[in-house]
Amino acid sequence: MDFVAALAEALGRAATLLPQDVVQALRRAWAREEGPAKVQLEAILRNVEMAGAGRLPICQDTGTPTFFVRFGLDFPHLKELVSALPEAVRRATQEVPLRPNTVHPFTGKNPGDNTGRYIPAVTWDPMPGDSAEIHVLPKGGGSENCCLLKMLAPGVGLKGIKEAVVEHVVACGGLPCPPTIVGVGIGGGADLALKLGKLALLRPLGQRHPEPEVAALEAELEELLNASGVGPMGLGGRTTVLAVHVEYAHRHPASLPLGIAVQCWAHRRATVRIGPDRSITVSQ
């Protein structure tokens, strides 16, 4: 399998097969809900089952193709990988098929293949080694509309961060198709805080941050948001979020950036790993 084929396969898997950690979280939510919330979750799980069986997109909005690439400084195929990413998007758009979701912001013209200026969106992260790991994260428009950057006053501290996250997610209500996964980026600068929030979404559900203080913040935010009563699809219930993941960066003393990246229940992900010998694995 070449790079284009592997990346197109990953996009196809992400669009049609929900990762098992997300499926299990939805099943646990269904087991503890009742009334309209349980009905909504039952419909979601049935939708996931049908999409997987027929290799059909889980949602009509197949998202904006987004890649996070961690590549070794000695990875010998970087140039080929750079050109493979947009070509894989074009192939997957035709073969899955994916809905063409990219439009020119001024003219509204749609190129029809999910590519365009700066799209697919790619974040490059160099690391030691000679292999590459490409994380595929199709990002739906409804949940993206609920992403937010807030530049907080440093004096508000963790209390202010918690209040801002809960206030924003609750205010979004049913717009991002809850139960959601919320990535919270703290620190850095304005652009980095939002990037950290999206990077936090790559972590499997149930896997806490390795630092105890951050893990405790994740657990507290989950508890607060699930106590809000927004519930599945905003119709009330015990499950507003399936998970909250937090990442952070050191910040300037004068600012406290907070990036909130909201992901809908259809938390579609896939990963492609490429070795120096061109060996390829595609997984979720």
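The values are calculated or read from the model by the stated rules, or taken from the named source; none is laboratory data. Everything numeric here is computed off the predicted structure, so don't read it as measured data. Every residue, glycine as well, gets a Cβ built from its backbone with ideal geometry; the counts of neighbours run over all protein chains shown.
I'd like the residue in segment 84-129 that is among the basic types (Lys, Arg) and part of a loop (DSSP other than H, G, I, E, B) and, out of all such residues, is nearest to the chain's Cα centre (by Cα). Once the filter is applied, the top-ranked residue is Arg99.
Answer with yes or no whether Asp191 is closer than 30 Å to Thr102 by Cβ and either assigned to a helix (DSSP H, G or I) or assigned by TED's automatic domain parsing to the domain that holds Arg99 (or both). Here the answer is yes, as Asp191 does meet what is asked.
Which one is surrounded by the most Cβ atoms within 10 Å (Cβ to Cβ), of the residues in segment 195-216 that are within 13 Å of the chain's Cα centre (by Cα) and in a loop (DSSP other than H, G, I, E, B)?
So, considering only residues that are within 13 Å of the chain's Cα centre (by Cα) and in a loop (DSSP other than H, G, I, E, B), the one surrounded by the most Cβ atoms within 10 Å (Cβ to Cβ) is Leu201.
Here Ala219 fits the description: surrounded by fewer than 18 Cβ atoms within 10 Å (Cβ to Cβ), over 11 Å from the mean Cα position of the chain (by Cα) and in a helix (DSSP H, G or I).
Working carefully through the options Ala88, Ala153, Ala121, find the one that is out of contact with any Gly (no Cβ under 6 Å at 6 or more places or on another chain), among the aliphatic types (A, V, I, L, M), in contact (Cβ under 8 Å) with a residue 12 or more places away in the chain and loosely packed, with under 12 Cβ neighbours inside 10 Å. Just one listed residue meets the conditions, Ala153.
Of the listed requirements (1) farther than 17 Å from His245 by Cα; (2) surrounded by 17 or more Cβ atoms within 10 Å (Cβ to Cβ); (3) out of contact with any Ser or Thr (no Cβ under 7 Å at 6 or more places or on another chain), Val184 misses just one: (1).
Given the criterion buried (at least 17 other Cβ atoms within 10 Å of the Cβ), in contact with a Gly (Cβ under 7 Å, 6 or more places away or on another chain) and not assigned by TED's automatic domain parsing to the domain that holds Val122, identify the matching residue among Ala29, Ala51, Ala37. So the residue among Ala29, Ala51, Ala37 that is buried (at least 17 other Cβ atoms within 10 Å of the Cβ), in contact with a Gly (Cβ under 7 Å, 6 or more places away or on another chain) and not assigned by TED's automatic domain parsing to the domain that holds Val122 is Ala37.
A search for C-beta distances below 6 Å between a residue of segment 158-185 that is within 17 Å of Lys198 (Cα to Cα) and any residue that is crowded, with 16+ Cβ neighbours inside 10 Å and of a type in the set (Lys, Arg), counting only pairs 6+ apart in sequence or on different chains, returns Gly183/Lys198.
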